[in-house]
Ligand code: UD1
């Protein structure tokens, strides 16, 4: 029986991958999490079906023992957020770079077949051309973007040097059920959903014309499973966009939520955030070609599902 490991498996995306793996049912699933940004509640209904390791990826020995012998490691553990990487640069660096190095070293020493790495669209920075294609030169403009890009380079280089397989997926603003809306660093759609349900105004940083390729979490799970299964010759060492190919402005996202709820609540506006990328949109050709990826959720469908989940929790 296969062994899958999900680092950051109690997080928003990691726990969704855990559930995807359990639904597939072709292996046992081990979770590594230190509950810094993840939450045990995200795994409540699957707790009996997983092997839980409360481990910080900065601690090599404990990490290596949990990873040893895995067929695939999905490396989702991270301190996310562009502004958090600016306000708290040291922990962000230590987890996102040193921690990633530890995961890869443990994969090499533990006989892991493949690592699927949660990379970030932030690596592109501001590009003159949209959509953003994997062949573009990266241009990171925040510590977070540098850290996530460094992880990609480590994946590709260490996989070649030590003989395991690695696939990096650059996530494009993933959203959906279980994204935590309560932190000052929460993803914007989780903050918007909370605000609309509480009938309060969110603050939009900038003029509201900043755009993102918001990607529903179930599409990202499907992409991860494809990245785990695809033939090594076609994908190992590669980087793929994990986006939908669309682009929605912050103003449009807030307008849609008001329309769905049938209310009029003008947003407040504040200064743009340091390190923010202006526009983000994925070219999806390579993921379609090599991973057979076919995103299923339009922005409106994903947002409606997400909003219903937050409503069910309130
Ligand atoms: C970035 C990365 C993304 C990564 C994520 C991890 C880019 C293009 N994307 O997301 O791949 O997964 O970091 O955290 O770099 N905003 C508001 N009001 C709020 C909160 C946010 O207006 O209350 C704005 C931000 O200033 C930003 C946009 O919404 O312009 C999106 O912010 P956020 O959801 O934090 O994600 P990114 O920083 O885009």
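So that you can scan it fast, the table gives a plain yes or no per residue for (1) over 17 Å from the mean Cα position of the chain (by Cα); (2) in a helix (DSSP H, G or I):
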| residue | (1), (2) |
| --- | --- |
| 274 | yes, no |
| 277 | no, no |
| 295 | no, no |
| 309 | yes, yes |
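With the structure loaded, tell me whether residue 271 is surrounded by fewer than 14 Cβ atoms within 10 Å (Cβ to Cβ), modelled with pLDDT of 95 or more and within 22 Å of residue 80 (Cβ to Cβ) or whether it fails that test.
For residue 271, the condition - surrounded by fewer than 14 Cβ atoms within 10 Å (Cβ to Cβ), modelled with pLDDT of 95 or more and within 22 Å of residue 80 (Cβ to Cβ) - is met.
Conditions tested, residue by residue: (1) more than 10 Å from the ligand (Cβ to nearest atom); (2) under 22 Å from the mean Cα position of the chain (by Cα).
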position	(1), (2)
158	yes, yes
171	no, yes
176	yes, yes
206	no, no
228	yes, yes
235	yes, yes
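For (1) within 16 Å of the ligand (Cβ to nearest atom); (2) more than 17 Å from residue 185 (Cβ to Cβ), each residue gets a yes or a no:
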{"residue": "50", "(1), (2)": "no, yes"}
{"residue": "63", "(1), (2)": "no, yes"}
{"residue": "71", "(1), (2)": "no, yes"}
{"residue": "75", "(1), (2)": "yes, yes"}
{"residue": "80", "(1), (2)": "yes, no"}
{"residue": "85", "(1), (2)": "yes, no"}
{"residue": "88", "(1), (2)": "yes, no"}
{"residue": "101", "(1), (2)": "no, yes"}
{"residue": "108", "(1), (2)": "no, yes"}
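Contact list please: Cβ distance under 9 Å, first residue in segment 118-133 and on the phi > 0 side of the Ramachandran plot, second residue surrounded by 15 or more Cβ atoms within 10 Å (Cβ to Cβ), pairs at least six apart or on different chains.
From residues that are on the phi > 0 side of the Ramachandran plot, the pairs are 125/138; 125/140; 125/141; 125/142; 125/145; 125/277.
Give the residue, chosen from 138, 131, that is touching a helix residue (DSSP H, G or I) at 6+ places or on another chain (Cβ under 6 Å) and within 16 Å of the ligand (Cβ to nearest atom).
It is 138.
The values are calculated or read from the model by the stated rules, or taken from the named source; none is laboratory data. In this text the structure is predicted, and so the values were computed from the model without any measurement. Note: ideal-geometry Cβ built from the backbone for every residue, glycine included; neighbour counts use all protein chains shown.
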